[in-house]
Amino acid sequence: MSVRLHVIVPCYNPPPGWEKALAAHYQDFSRALNGWADELKLVVVNDGPSTHTQSANFAYLKELLPTVGVVDYAQNRGKGYALRQGVASTEADFYLVTDADFPYTIDSMIRVAQTLKQHGGIAAGNRDTTYYERVPLLRKWLSQFLRWMLRNILRQPIDDSQCGLKGFDNAGKAVFLKTTIDRFLFDLEFLMLANGKVPVTPVQVELRESVVFSAVSWKILATEGRNFLWLLLRRGG
C-alpha cells in the first residue's frame with residue numbers, strides 16, 4: 001500500500017535566500033527517508049506579503065522543487081492560521097508541520113515520521129533541556145511556564161506543547177483543523193482538543209546547531225495571554 005507524506009511549512013518575512021535553504025533542507029529530508037514514503041510533497045504557505053516572499057521568490061522555489069505546493073493569501077494571520085490553510089489544502093496519509101527554516105535536525109524529523117507511521121495519531125516533538133540554552137529569555141520562561149501548566153494543571157499526556165515539529169495522520173488532521181487560535185498557542189489548543197480522542201506520542205527532538213530563535217513581542221504575548229485564559233475557561237466548561 002502506498003504511503004503519502006506531506007510536509008507543511010508557514011512562511012512569513014523570511015531572510016533572503018530562504019528558498020534555496022528550504023529546498024536544500026527538504027531534499028536532505030527526502031534522502032534520509034530512504035524511500036519509505038511513496039509520495040513526498042512540500043506545501044509552503046505564504047502568510048501574507050513580506051519583503052522576500054514575492055512572486056519571483058516562489059517562482060525560484062518551484063524551479064528548485066517542481067512539485068512544491070503553494071498556498072497564498074493577502075494578509076498576515078499567524079502560524080496557526082497558516083498551517084491550517086496548508087493542511088486543509090492537501091490530502092495525504094501523514095502530515096508533518098514545521099517551520100520554513102527546518103529548525104530541527106533531519107534525524108529528529110525522521111524520528112517523528114517513523115513514530116507516526118508506527119503508532120498513528122499524533123507524534124509530537126519533545127525538546128530536551130538544551131533547547132533553553134539557545135532561545136531568548138522571555139521565550140524560555142514562556143515555554144517553561146507552559147510545560148509546568150501542562151504537567152500540573154492541564155494534565156496533558158505531553159508537557160511540551162510548543163515544539164514546532166509535529167506529525168499526524170488523518171484522525172489528527174481532523175482535530176488540527178478544529179483549532180481556532182491563529183498564533184502562538186495553536187499547538188496547545190491542538191493537543192488539548194486531541195486529549196482523549198487521538199493518541200499522542202512524544203518524540204525526542206533536537207535543534208540544528210545554526211538555528212537562532214527570535215524574541216516574542218509584547219503584543220503577541222498580550223494576545224496569547226487572552227487565548228490562554230480562553231483555553232482554560234473552555235476546558236473548565
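Tabulated results
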item: Counted charge near Ala123, where neighbours are those whose Cβ lies closer than 11 Å (Asp, Glu -1; Lys, Arg +1); result: +2
item: Ala24-Gln114 pseudo-label distance in nm [points 7 Å out on the Cα-to-Cβ vector]; result: 2.6 nm
item: Estimated inter-spin distance, Arg31 and Ser50, nm [label 7 Å along Cα→Cβ]; result: 2.8 nm
item: Sites Lys197 and Leu233 - FRET efficiency at Förster radius 30 Å, r taken between beta-carbons, to 0.05; result: 0.90
item: Gain in span if fully extended, Lys178 to Thr67, counting 0.36 nm per residue against the direct Cα distance; result: 37.2 nm
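The numbers here are math on the coordinates, done by the rules we state, and not lab data. Everything numeric here is computed off the predicted structure, so don't read it as measured data. Counting neighbours? That spans all protein chains shown, and the Cβs are built from the backbone with ideal geometry, glycine included.
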